[in-house]
Amino acid sequence: MRPTAVIVWLPLVSYHFWQEDTKLNLVLHHAMPVGLLTLGISTLVDRVFSGKWILVQLNFLKINVLQNVAVFYGSHPWYWYLTQGFPVVLGTHLPFFIHGSMLAPKRYRILLAAVIWTVLVYSLLSHKEFRFIYPVLSFCMVFCGYSLASLKTWKKPAVCFLVLSNLLPALYTGLIHQRGTLDVMNHIQQLCKESNSPTNTEVSVFFLMPCHSTPFYSHVHCPITMQFLQCPPDLTGNKSYIDEAEIFFSDPVRWLEAHFPNQTVLSTHLVFFEVLEKEISPFLERNSYVKTSEFFHTHVPEGRVGRNIYLYERQT
C-alpha cells in the first residue's frame, strides 16, 4: 500500500474516531498495536533488503512532497483535477455522481467529504496524474447508484447509456489503442530462442523511445540484454540537469554515434517509433540495420509517439 493512501483514509478514520465512544480504547488496543506492528514489519523488511535502517514512509514524504522531485515529470495548475482530472476519471458517470450527491442520505456525506478532501489535497501538489485519484472512484459509484435508483422512466436508457459509453471506449483502449508497445514485447520474447541457440550471436535490444514506453523483463522471460533511454530525476539539486532521453532526442544521430563508437558494441536490435526513422536513417544504413517488423500503436500519434513501432535488426 502506498503511503499516499493516508490521504483518502484520513477523513474516514477521523470520522470513525469522532463517532467512537471509547476513543482511548480504540487508540490503545486497536490503532497503536496494528500501526506499530505494520510499521515494524515494514522497517525490518526494508532493513533486510537495503542493508541499512531506513524509514521508507519518511523518505517518500521527503522526496515527493518536501523536495517535490515528481515535478520533474511534469506539472499542472492547481485546478487541473477539477477541470480535467476528476471529470475524465468519472467520465459519463459525472452527471449521475452530481445528481446522486444531492440525493444520498446524510450518513454518506463522509464519503463525499473524502472525495472532496482527496481531490483538494492532490490539487496542492504540482505533479498530477489521473491515477492518483482512482481510490475515490469507488466512493463516487455509491452516489451514482443513488442517482440511478431514483430514476423511474429514464432508468433503463440511463443504464444502457452508461454501459455503451464505457464498454466501447474500454474495448478500443484495451484492445487497439497503444497496443504496439505490448505487441513488440511479445515479438522480442521470441528472440529468446535465438539467444539460446549456439549458432547465433547474443541478442541485445535497445529501445530508442520516450522513457518507460514499453514493459521490460516482465514480458521477456529470458536474460537477453535490453536497454532503454534513462530518465531518472535529479536528486542532487543540479538545476542544469538533463536526463539521457532528452539528450538523445535533442540530437539522436550524435547520441548514437557517441554511445556506439564502434560496431562491436552495437545492439543487434533497435526499437523506436516511426517518427524517429527519418532522422536516424543515416546511422541505420551505415551500420547495416534493416527493418524486420512493424507494429501498429495508435490512431492518434503525438510528439515523439508515432502511429507505428519499428523493429530494426542488424545484418551481419
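The values are calculated or read from the model by the stated rules, or taken from the named source; none is laboratory data. Predicted model only: the values in this text are computed from it and were never measured. Virtual Cβ from ideal backbone geometry, glycine too; neighbours counted across all protein chains shown. Side chains included, ligands, DNA and RNA excluded: accessible areas come from the protein's heavy atoms. Shrake-Rupley method; radii C 1.70, N 1.55, O 1.52, S 1.80 Å.
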Requested in this report: Excluding residue 220 itself, calculate the net charge of residues whose Cβ lies under 15 Å from the Cβ of residue 220, where each Lys or Arg counts +1 and each Asp or Glu counts -1.
Outcome: -2
Report task. At 1.4 Å probe size, with no ligands or nucleic acids counted, give the accessible surface of residue 266 in Å², nearest ten. Result -> 20
Query - Distribution of pairwise C-alpha distances over region 202-298, 10 Å bins, in % - result: 13, 45, 33, 8, 0
Query raised in the report: Once phi is turned into ³J(HN,Hα) by the Karplus curve 6.51 cos²θ - 1.76 cosθ + 1.60 with θ = phi - 60°, what whole-Hz value does each residue of region 179-185 show in order, with x for glycine and proline?
Result: 7, x, 5, 7, 4, 5, 5
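Just reorder 154, 255, 117, 9 by solvent-accessible area, largest first, 1.4 Å probe, all chains present.
Largest to smallest exposure gives the sequence 154, 9, 117, 255.
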Query - Protein accessible area in the chain, 1.4 Å probe - carbon and sulfur % - result: 64
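Go through region 158-235 and name the chymotrypsin sites (Phe, Trp or Tyr not before Pro) that are in a DSSP coil and have 14 or fewer other Cβ atoms within 10 Å of their Cβ.
Counting only loop positions with at most 14 other Cβ atoms within 10 Å, the chymotrypsin sites (Phe, Trp or Tyr not before Pro) in region 158-235 are 216, 217.
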Query raised in the report: residue 295: accessible area at probe 1.4 Å, nearest 10 Å²?
Result: 30
Report summary line: With 0.36 nm assigned to each residue of separation and the Cα-Cα distance removed, residue 14 to residue 243 gains 78.2 nm
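Let me check something: with ligands and nucleic acids excluded, how do 2, 314 order by accessible area (1.4 Å probe), largest to smallest?
Largest accessible area first, the residues go 2, 314.
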Report task. Provide the gained length on full extension for the span residue 23 to residue 265, in nm with one decimal, where the gain is 0.36 nm per separating residue minus the Cα-Cα distance. Result -> 80.5 nm
Query raised in the report: Could you state the per residue volume, in Å³, of the convex hull enclosing the Cα atoms of the chain?
Result: 198
**Report entry** Solvent-accessible area per residue for region 16-165 (1.4 angstrom probe, square angstrom)
**Finding:** 66
Report task. Quick one: grab the alpha carbon gyration tensor of region 138-243, order the square roots of its eigenvalues as a ≥ b ≥ c, and give me rounded if a/c is under 1.5, else prolate or oblate depending on whether a/b is larger than b/c. Result -> oblate
Report task. Would you work out which of 265, 275, 132 lies farthest towards the positive end of the dipole of the chain, given +1 charges on the beta-carbon of Lys and Arg and -1 on that of Asp and Glu, about the Cα centre? Result -> 132
Query raised in the report: With each label point set 7 Å from Cα along the Cα-Cβ vector, what nm distance links residue 193 and residue 221?
Result: 1.6
Query raised in the report: For residue 83 and residue 109, FRET efficiency with R0 = 22 Å and r from the beta-carbon atoms, rounded to 0.05?
Result: 0.35
Query raised in the report: Which residues in region 221-256 place their backbone N less than 15 Å from a point set 7 Å from the Cα of residue 211 along the Cα-to-Cβ direction?
Result: 228-250
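Which percentage, to the nearest 5, of the DSSP beta bridges contained in the chain is antiparallel? Walk me through the numbers on the way to the answer.
Working: 13 of 20 bridges.
The antiparallel fraction comes to roughly 65 percent.
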Report summary line: Measure of exposure for residue 155: accessible area at 1.4 Å probe, Å² rounded to 10, is 80
Report summary line: Nearest-0.05 FRET efficiency for residue 142 and residue 31 at R0 = 25 Å, using Cβ-Cβ distance, is 0.45
Report task. Would you work out which of 203, 238, 227 lies farthest towards the positive end of the dipole of the chain, given +1 charges on the beta-carbon of Lys and Arg and -1 on that of Asp and Glu, about the Cα centre? Result -> 238
Query - the chain: angle of helix 109-123 to the longest principal axis, Cα-based, in degrees nearest 10 - result: 40
Report summary line: region 8-161: Kirkwood hydrodynamic radius (Cα pairs, Å) comes out at 18.6
